[in-house]
Amino acid sequence: MIRVYLTLCIATLSAVTSHADPVPVDVVAVDGGYTLLRNGRPYLVKGAGLGDIDVTTVAARGGNSVRTWGIEHAQTTLDAAHRHGLTVSLGLPVAAERFGFDYDDPESIAEQRQNVLDAVASYKDHPALLAWIIGNELDMRFTNPRVYNEVNELSRLIHDLDPNHPTTTTISAIEEDVVELVRERAPDLDFISLQAYGALALMPKAIRYLRAGPFMITEWGPLGHWEVGKTRWGAPIEQDSTEKGRHYLTSYKTFIEPFLGPGLGSYVFLWGQKQERTHTWFSLFTEDGESTAAVDVMQFVWTGRAPANQAPALEPLRLARRPATDSVRLAAGRRYTAKVEAMDPDGDTLVFRWHVKPESTETVVGGDPEARITDVDGVFDGDATGAEVELTAPGSPGAYRLYVMVYDGQSHAAHANIPFRVFGKKR
């Protein structure tokens, strides 16, 4: 009887989710600015770009929305978001020109339109749906401005099929000429979406032309690997997780919050884990799901309250007594010391894990997929679980990166890495 009862409950919940009425969302002008109205009420997006972390953690940290870059798991994401009081800005399958799509090819355009409209028809009535995102960073390395004529046509067709949800497309930089091009060629969009990292610092000047219409920040985060200093051999120097936490706080408080009004809210990147030059660069979580300082910051800016238990903090990592900015070079096969100073704000016992990986040789842009990089074996003496370790430089010359992960046993972590170059041959 219990099993039958549970089966009936699950079936009922599924039916409610599938057939619930859509929640209307509008972009409206108010007090000289703009806002989203969801079901008639002002709705400021406090969101995260959803990676491989359960949406429940967004709600638990005080967020109210997630965004996707496609429809692969759309139903599951929408259902989970609805159960936890979140909304979803759903990414639609519109190809960028850099992937070989030809916006002068009528057959390709017709096929893509049908795919988009099929997706809209499938999910338009879901109560968790907030907005449609037409493609992602279609401006990156584009040469044919007709892509935005097609964006406009897609927006028009979507509105015909779904009058309840706004449309947008994302731009990879805060640049006036691109913003004007999109607004000129795709006026049917309800708002434009900007994606910026270090370039968020341009907001105080860019607001002059951005405030001509509503916009949203649909990606933001740490300094990108294209924005930081580099070693003498060109390896980008990544902020450690403590530096990133401070950067997220400054970015939100200085370059997002003051411009809410024409700005409709934001989605932080990335609520999950991915490989992009390193496995830690844009990841708010570790590979095993521990949260970093940046997640604590997001909880604070979303709710005004710090979490009860916070991620560890650390000082800059040093290898052979030198920081990353010294372009550290090691002799193949020789032994060196690496050290990091870390503390936990809650007094939790810290555990350290060290890794060495070859330096990434990827040259892809726009967050395109990158292969994971495996560890170099036989580098450390013992189990390498302390704040200071002895390591033997790899025997093959080349570029590498030393990582330290610091865990507090409470599902939180800190991390740092330092690029180094090995010269000579192991004797």
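Among the residues of segment 249-268, those that are surrounded by 24 or more Cβ atoms within 10 Å (Cβ to Cβ) and under 25 Å from residue 342 (Cβ atoms) comprise 251, 268.
Can you pull out every residue in segment 204-260 that is among the charged types (D, E, K, R), within 25 Å of residue 364 (Cβ to Cβ) and outside any helix (DSSP H, G or I)? Once the filter is applied, which keeps residues that are among the charged types (D, E, K, R), within 25 Å of residue 364 (Cβ to Cβ) and outside any helix (DSSP H, G or I), segment 204-260 yields 219, 227, 230, 232, 238, 240.
For segment 120-159, residues that are open to solvent by 40 Å² or more (accessible area, probe 1.4 Å) and among the charged types (D, E, K, R) total 6.
Here residue 84 meets each of (1) over 25 Å from residue 185 (Cβ atoms); (2) out of contact with any Ser or Thr (no Cβ under 9 Å at 6 or more places or on another chain) with one exception, condition (2). So how many residues does segment 46-79 have that are crowded, with 21+ Cβ neighbours inside 10 Å, among the hydrophobic types (A, V, I, L, M, F, W, C) and closer than 25 Å to residue 412 by Cβ? Residues that pass the stated criteria total 5. Could you check how many residues of segment 202-226 are of a type in the set (Phe, Trp, Tyr) and surrounded by fewer than 17 Cβ atoms within 10 Å (Cβ to Cβ)? The qualifying residues number 2. Pairs linking a residue in segment 291-320 that is under 15 Å from residue 59 (Cβ atoms) to a residue that is among the aromatic types (Phe, Trp, Tyr) and surrounded by 19 or more Cβ atoms within 10 Å (Cβ to Cβ), with Cβ atoms under 6 Å and 6 or more positions apart or on different chains, are 291/285. Return a yes/no flag: does segment 372-382 have any residue that is closer than 28 Å to residue 346 by Cα and either open to solvent by 30 Å² or more (accessible area, probe 1.4 Å) or among the polar types (S, T, N, Q) (or both). No - not one qualifying residue is present in segment 372-382.
Answer yes or no as to whether residue 399 is surrounded by 15 or more Cβ atoms within 10 Å (Cβ to Cβ), in contact (Cβ under 8 Å) with a residue 40 or more places away in the chain and closer than 15 Å to residue 317 by Cα. Before you say what the answer is, go through the steps one by one.
Details: surrounded by 15 or more Cβ atoms within 10 Å (Cβ to Cβ): yes; in contact (Cβ under 8 Å) with a residue 40 or more places away in the chain: yes; closer than 15 Å to residue 317 by Cα: no.
It is false that residue 399 is surrounded by 15 or more Cβ atoms within 10 Å (Cβ to Cβ), in contact (Cβ under 8 Å) with a residue 40 or more places away in the chain and closer than 15 Å to residue 317 by Cα.
In segment 190-202, the residues that are of a type in the set (Val, Ile, Thr) reach residues that are at pLDDT 95 or above with C-beta atoms within less than 6 angstrom, at least six apart or across chains, in these pairs: 192/182; 192/215. Residue check: is residue 86 under 24 Å from residue 366 (Cα atoms), touching a helix residue (DSSP H, G or I) at 6+ places or on another chain (Cβ under 9 Å) and open to solvent by less than 50 Å² (accessible area, probe 1.4 Å)? Considered against the rule, which asks whether it is under 24 Å from residue 366 (Cα atoms), touching a helix residue (DSSP H, G or I) at 6+ places or on another chain (Cβ under 9 Å) and open to solvent by less than 50 Å² (accessible area, probe 1.4 Å), residue 86 comes out as no.
The values are calculated or read from the model by the stated rules, or taken from the named source; none is laboratory data. What you are looking at is a predicted structure, and each value in this text was computed from that prediction instead of being measured. All Cβ positions, even for glycine, are placed from backbone atoms using ideal geometry, and neighbour counts span all protein chains on display. SASA here: full protein model, heavy atoms, side chains in, ligands and nucleic acids out. Shrake-Rupley method; radii C 1.70, N 1.55, O 1.52, S 1.80 Å.
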